[in-house]
Amino acid sequence: MKTPAENPGFDLAPFRVRRERLLARMAALGGGIAVLPTAPECTRNRDTHYPFRFDSYFHYLTGFGEPEAVVVLVADDKPKSILFCRTKDEEREIWDGYRFGPDAARERFGFDEAWTIGDFDARFADLLANRPTLWCGLGYDTDWDARLMRGLNTVRANARAGAVPPHSIRDVRAELDEMRLVKDETELAVMRRAGAISGDAHRRAMAATRPGRFEYEIEAELLHAFRCAGSQSPAYPSIVASGANACVLHYIDNGCRMSDGDLLLIDAGCELDGYASDITRTFPVNGRFSAAQRDIYELVLAAQAAAKEAIFPGATWNEPHDAAVRVLARGLIDLKLLAGSGDAVVEQGLYRRFYMHRTGHWLGRDVHDAGEYKRDGDWRPLEPGMVLTVEPGCYIPAAEDVPEAFWNIGVRIEDDAVVTAGGCEFITDTAPRSVAEIEAVMREARERDTPVGNSAAQEDRNAAA
């Protein structure tokens, strides 16, 4: 995967600042050496690989997007950062594309030293000797775990020559999780752009949806919009779920034909320069909500509004979820889908029949991003710069004790929220959210009568179906 470093406007300063912050934190805790490899390449079938996607922790510190790379940080009286990467190889570049090589990578990405990845094992033992602590991420990659242990054993074998191995191992990812949880302005700018791209893609999907089309055709509209706007890939497999499929939380088959009268739930977001967006919208395939669909949709929308109001500095992580649950519980009682008092429905968890997930998660370089949700047993307070999703939902499969008008209605509304000094900013507002906005987008598309997809191909599939 190409990285922003290959663009003239690439700014290495944020990556250098992050390395310096981590080095300072390591020094405050006694010093040592940190080792973070990027992700391995994965074979798809035979000699074909999946598109490479760098490790989020590695890229957070480096901005370097090539495979077969490791960053080493040395925290002592002369702190330094070292990159190990693939050698410059003009023959391989003919087949696989441009490589920086150690010299160009050192200059471009601001490292103190850079060596070939083939030098790593020999140099690592020397770097490891006489350091008090090895900072690494054990348990994520067994091959790398073994490689690090070989380095430790090499130092131990040289004990009689005066080499002293680290006396402790610490989880470097725990430190990076805290750093990654609060985004800097560079990160927020990328995430705002990713949110806008994804929001526009959802608008395109609404305009393209018609009864008789297939879910995968709408998925194609999303992918088209992502790539045309400069996104490198989806942030996760897109969920395009019509009718009863919308009641399956992680439905990704996207293979069904959409029917008049169904709702379509789309959970999809792009990845831009290593940062994820995550949006869900639900709308009627035929462009008009039925009365029951509108009731559930408006209920979920009210729950989201209540959750948003609960997001501000000092509020705890769970407060938005609690606010959404209270609204949903009251609404489900009013619609006679549940019985009892609002307090009882919440306290007994009866609402979980129709709302079984939480209202959000951290968002950043990973869709479910790094960072703990509790500290010392308590939900952690929100701080400016944190980014989270706000995604209440309601899922009602067909059942004998449910009025038929509500059967197979699945609604989720999800936006990406930045905690600001004054409260909360949704960065995905380009995706229509209200009933009026959604129906207007779909009505205008039908008035133009120019669905985006391949109509000839659609006619062939309709005939086959």
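The values are calculated or read from the model by the stated rules, or taken from the named source; none is laboratory data. For clarity, every value in this text was computed on a predicted model and none was experimentally measured. Note that each Cβ is placed from the backbone with ideal geometry, even for glycine, and that neighbours are counted across all protein chains shown. Quick note on the areas: whole protein, heavy atoms, side chains included, nothing else; ligands and nucleic acids left out. Shrake-Rupley method; radii C 1.70, N 1.55, O 1.52, S 1.80 Å.
The table that follows gives values for the structure above.
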quantity	calculated
Residue satisfying all of: in region 56-83; more than 11 Å from THR38 (Cβ to Cβ) and assigned to a strand (DSSP E or B); most open to solvent (accessible area, probe 1.4 Å) among these	LYS80
Residues satisfying the stated conditions in region 81-118, i.e. out of contact with any strand residue (DSSP E or B) (no Cβ under 7 Å at 6 or more places or on another chain) and aromatic (Phe, Trp, Tyr)	TRP95, TYR98
Pick from region 161-175, criterion modelled with pLDDT of 95 or more and among the hydrophobic types (A, V, I, L, M, F, W, C), ranking: least open to solvent (accessible area, probe 1.4 Å)	VAL172
Pair list, Cβ < 7 Å and 6+ apart or interchain, from region 142-165 residues that are over 19 Å from ASP119 (Cβ atoms) to residues that are open to solvent by 50 Å² or more (accessible area, probe 1.4 Å) and of a type in the set (A, V, I, L, M, F, W, C)	ASP145/LEU138
Candidate set from region 428-465 (those that are at pLDDT below 55 and within 32 Å of the chain's Cα centre (by Cα)); member that is nearest to GLN293 (Cα to Cα)	PRO451
Verdict on LEU337 being touching a helix residue (DSSP H, G or I) at 6+ places or on another chain (Cβ under 6 Å) and closer than 14 Å to ILE296 by Cα	no
Residues within region 124-160 that are surrounded by 16 or more Cβ atoms within 10 Å (Cβ to Cβ) and not in a loop (DSSP other than H, G, I, E, B), tallied	15
Those residues of region 84-121 which are buried (at least 20 other Cβ atoms within 10 Å of the Cβ) and under 12 Å from ARG19 (Cα atoms), in sequence order	PHE109, PHE111
Selection within region 25-54 - surrounded by fewer than 17 Cβ atoms within 10 Å (Cβ to Cβ) and either assigned to a strand (DSSP E or B) or free of Cβ contacts under 8 Å to residues at least 12 places away in the same chain (or both)	ALA28, CYS42, THR43, ARG44, ASN45, ARG46, ASP47, THR48, HIS49, TYR50
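Table: residues versus (1) in a helix (DSSP H, G or I); (2) of a type in the set (A, V, I, L, M, F, W, C); (3) touching a strand residue (DSSP E or B) at 6+ places or on another chain (Cβ under 9 Å).
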| position | (1), (2), (3) |
| --- | --- |
| MET179 | yes, yes, no |
| LYS183 | no, no, yes |
| ASP200 | yes, no, no |
| GLU221 | yes, no, no |
| GLY230 | no, no, yes |
| TYR251 | no, no, yes |
| GLY255 | no, no, yes |
